[in-house]
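The values are calculated or read from the model by the stated rules, or taken from the named source; none is laboratory data. In this text the structure is predicted, and so the values were computed from the model without any measurement. Here the Cβ positions follow ideal geometry from the backbone for every residue, glycine too, while neighbour counts run over all protein chains shown. We work out accessible area using only protein heavy atoms, side chains counted, and drop any ligands, DNA or RNA first. Shrake-Rupley method; radii C 1.70, N 1.55, O 1.52, S 1.80 Å.
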Amino acid sequence: MTTPTQTRAFLIVMDSVGIGGAPDAARFFNGHVPDIGANTLAHIAQARPLHMPHLDALGLGAAVRLASGQDAPGLGAEPQGLWGAASEVSPGKDTPSGHWELSGVPVPWDWHYFPDTRPSFPADLTARIAQAAGTDGILGDEHASGTEIIARLGEEHLRTGWPICYTSADSVLQIAAHEEAFGLERLYQLCQDVAAMVHPMRVGRVIARPFLGADGQFSRTPNRRDYAISAPGQTILDAAQAAGRVTHAIGKIGDIFSHRGISHLHKGKSDADLAKHLIRLADEAQPGSLTFANFVEFDSLYGHRRDIQGYANALEWFDTVAGQFIDRLRPGDLAIFTADHGNDPSWIGTDHTRERVPVLGWGMGPRAIGQVDFVDIAASVADHLGLAAVGPGKSFL
């Protein structure tokens, strides 16, 4: 018989893989259009049937139907795992809100968003950013796509040395700069300094967006770094580490949680690199440990860019990863696959979409858990690992 100090837990976030049906979707918008009816997974599958046998066997298709009443063509298996759908209560459809709530901490405040105007940032903040950068000004100062603004302002950045600063519909301030001409460490320090300026305003993240190139041909590098507000309460990572357990963070989990409660960080240049870490940790993670992973490219490469075919291909690739990972799990392990928000690639605009998310579990046998809350996931992981209760959630194990 395994004990809580011998069992392991894996919490895997498929960034933006929503399944529709959010009860408060009318309060969230892309432009002037509310998110009512957005359904990332169903709309992708309706455009092109999906082949995801491993996650569908756990209950992915059933979770879509439960959350939204819609069918996802190609996903019709009888669930053999734990399955359900989760709703978020935090007043945001962004990465920190979703991940914090999944970890047991709903966001207790309204985020600050910069207006979609030119300029977007207050004049005093712009002056302070330029002072921190050691420049006479900044470029951008607007809502923009990261790839587009680098293409448009990259040459001017190289000529002037001014950082490119922009925002989006998220509570975020992004700073792009050339890794070599501006300097990567200098960019990181600038973002750290700016984070100290805007976190008191309840701006969720400052993101360093380094790029390389010349002569109008620029491309972002994998050296992105996020400077996020610390979660305003004890997360499942904090609880596990306080109990003497080893915690592993894969991908941007370290940045999202300000590197708090994390024993080992596993990064990579792509989701393919992160998949290798996940599969390796299925073999190597210590008894009693917690592994928390984020796979971001569904969101960053396909959701925001409204690329249905690319998103579909990424989902099917990830399902093969899930199969390899599951094959290496041990008796007594718990693995939960979920998401942090939606990003329907068939939807208007380029922002996230407010949706319910799937909750798919390996290690409990067939179990329908119905409609749950994000915080119930943290409570269930704590229950499995024998930790003290985390947050307001209730275990569904």
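Considering Ala177, Ala169, which residue is open to solvent by less than 20 Å² (accessible area, probe 1.4 Å) and either touching a Lys or Arg at 6+ places or on another chain (Cβ under 8 Å) or part of a loop (DSSP other than H, G, I, E, B) (or both)?
Exactly one of Ala177, Ala169 is open to solvent by less than 20 Å² (accessible area, probe 1.4 Å) and either touching a Lys or Arg at 6+ places or on another chain (Cβ under 8 Å) or part of a loop (DSSP other than H, G, I, E, B) (or both), namely Ala177.
Just name the residue that is surrounded by the fewest Cβ atoms within 10 Å (Cβ to Cβ) out of those in the stretch 354-397 that are under 30 Å from Gly31 (Cα atoms) and either touching a Leu at 6+ places or on another chain (Cβ under 7 Å) or not aliphatic (A, V, I, L, M) (or both).
Within the stretch 354-397, the match that is surrounded by the fewest Cβ atoms within 10 Å (Cβ to Cβ) is Gln371.
Here are some conditions: (1) open to solvent by 60 Å² or more (accessible area, probe 1.4 Å); (2) more than 23 Å from Ala63 (Cα to Cα). Val89 meets all but one. Which one does it not meet?
(2)
Which one is least open to solvent (accessible area, probe 1.4 Å), of the residues in the stretch 18-40 that are in contact with a helix residue (DSSP H, G or I) (Cβ under 6 Å, 6 or more places away or on another chain) and hydrophobic (A, V, I, L, M, F, W, C)?
Ile19
Examine the stretch 105-113 for a residue that is among the aliphatic types (A, V, I, L, M), on the phi < 0 side of the Ramachandran plot and open to solvent by less than 20 Å² (accessible area, probe 1.4 Å), and state whether such a residue exists.
Within the stretch 105-113, one or more residues are among the aliphatic types (A, V, I, L, M), on the phi < 0 side of the Ramachandran plot and open to solvent by less than 20 Å² (accessible area, probe 1.4 Å).
Taking the stretch 252-276, which residues are surrounded by 21 or more Cβ atoms within 10 Å (Cβ to Cβ) and part of a helix (DSSP H, G or I)?
The answer is Ile253, Gly254, Asp255, Ile256, Asp271, Leu274, Ala275.
Being assigned by the TED database to the domain that holds His32 and either assigned to a helix (DSSP H, G or I) or not small (Gly, Ala, Ser) (or both): is that true of Leu329 here?
yes
Could you check the stretch 197-245 and list, in sequence order, the residues that are without any contact (Cβ under 8 Å) to a residue 60 or more places away in the chain, open to solvent by less than 40 Å² (accessible area, probe 1.4 Å) and more than 22 Å from the chain's Cα centre (by Cα)?
Gly213
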